[in-house]
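Below is one structure, written out as structure tokens; the observations come after it.
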Amino acid sequence: MDLLLVLLGFICVVVGVFGSFLPVLPGLSSCWVGLLLLYLTKAVENNYWILGVTFVLMVTITILDYVIPSKGTKKFGGSSYGVWGTNIGLIVGIVAPIPFGIIIGPFVGALVGELLYDSQNHKRALKAATGSVLGFLASSFVNFFFSVIYLGIFLTVLWQNRQLIF
């Protein structure tokens, strides 16, 4: 049973690392489930501090994943139209079968939203759209960084208990 939990946990962590930059896959939450599965094995002693801290980080970063692109739009001079455009574009970019839709969607959404707000100021609309893309990229980097840390924790705990599991 332990071997099955370890295998499922490893799959969850790997899916989480890929999901950190591919939004159709779960990211950091999948990594945390992988850690949880590892700690559910009989061979690994429960460490509620690691599970608790990684859970709080996962929830915080997951919330920030939805906030940072919108804040990037605002920071670069966007209006609420641009923020809504960013969020709608993000959803459309995920669903649309186009290459790099996850990056193009928020950019186009923010651009269209800003042009709806003020069709005369193209420079401000382009600046706000750029902010949405930079916010998305920053969010993806943070998510990827912590996913790799969770993978490291998983592999370290697995290595320390390899004799008991295998």
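The values are calculated or read from the model by the stated rules, or taken from the named source; none is laboratory data. As the structure is a computational prediction, the values presented were derived from the model and not from experiment. No Cβ is skipped: glycine too gets one built from the backbone with ideal geometry, and neighbour counts run over all protein chains shown.
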Report task. Go over the candidates 109, 72 one by one and state the one that is small (Gly, Ala, Ser), at pLDDT below 80 and touching a helix residue (DSSP H, G or I) at 6+ places or on another chain (Cβ under 7 Å). Result -> 72
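Does residue 125 fit the bill of being touching a Phe, Trp or Tyr at 6+ places or on another chain (Cβ under 6 Å) and under 13 Å from residue 76 (Cα atoms)? Show your work before the answer.
Numbers: touching a Phe, Trp or Tyr at 6+ places or on another chain (Cβ under 6 Å): no; under 13 Å from residue 76 (Cα atoms): yes.
Spelling it out, it is not the case that residue 125 is touching a Phe, Trp or Tyr at 6+ places or on another chain (Cβ under 6 Å) and under 13 Å from residue 76 (Cα atoms).
Among the residues of region 60-75, are any among the small types (Gly, Ala, Ser) and surrounded by fewer than 15 Cβ atoms within 10 Å (Cβ to Cβ)? Explain how you work it out, then say what you get.
Within region 60-75, the first condition is being among the small types (Gly, Ala, Ser), and the residues that meet it are 70, 72.
Retained after the next criterion (residues that are surrounded by fewer than 15 Cβ atoms within 10 Å (Cβ to Cβ)): none.
Scanning region 60-75 turns up no residue that is among the small types (Gly, Ala, Ser) and surrounded by fewer than 15 Cβ atoms within 10 Å (Cβ to Cβ).
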Report task. Within region 120-132, identify whether any single residue is out of contact with any Cys (no Cβ under 8 Å at 6 or more places or on another chain) and not in a helix (DSSP H, G or I), and answer yes or no. Result -> yes
**Report entry** Matching residues, region 140-166, being without any contact (Cβ under 8 Å) to a residue 60 or more places away in the chain and farther than 29 Å from residue 90 by Cβ
**Finding:** 155, 156, 159, 160, 162, 163
Query raised in the report: Has region 139-162 got at least one residue that is more than 30 Å from residue 39 (Cβ to Cβ) and surrounded by fewer than 21 Cβ atoms within 10 Å (Cβ to Cβ)?
Result: no
Requested in this report: Please give the number of the condition residue 113 fails out of (1) small (Gly, Ala, Ser); (2) part of a helix (DSSP H, G or I); (3) in contact (Cβ under 8 Å) with a residue 40 or more places away in the chain; (4) farther than 24 Å from residue 22 by Cβ.
Outcome: (3)
**Report entry** Filter pass, residue 78 being outside any helix (DSSP H, G or I), in contact with a Gly (Cβ under 7 Å, 6 or more places away or on another chain) and not aromatic (Phe, Trp, Tyr)
**Finding:** yes
Query raised in the report: Listed residues 11, 50; which is over 30 Å from residue 106 (Cα atoms) and not basic (Lys, Arg)?
Result: 50
Requested in this report: Output yes when any residue across region 41-49 is touching a helix residue (DSSP H, G or I) at 6+ places or on another chain (Cβ under 9 Å), in contact (Cβ under 8 Å) with a residue 60 or more places away in the chain, hydrophobic (A, V, I, L, M, F, W, C) and in a helix (DSSP H, G or I), and no when none is.
Outcome: no
Query raised in the report: Failed condition for residue 6, given (1) farther than 30 Å from residue 125 by Cβ; (2) touching a residue at least 12 places away in the same chain (Cβ under 8 Å); (3) surrounded by fewer than 17 Cβ atoms within 10 Å (Cβ to Cβ); (4) over 13 Å from the mean Cα position of the chain (by Cα), with all others met?
Result: (3)
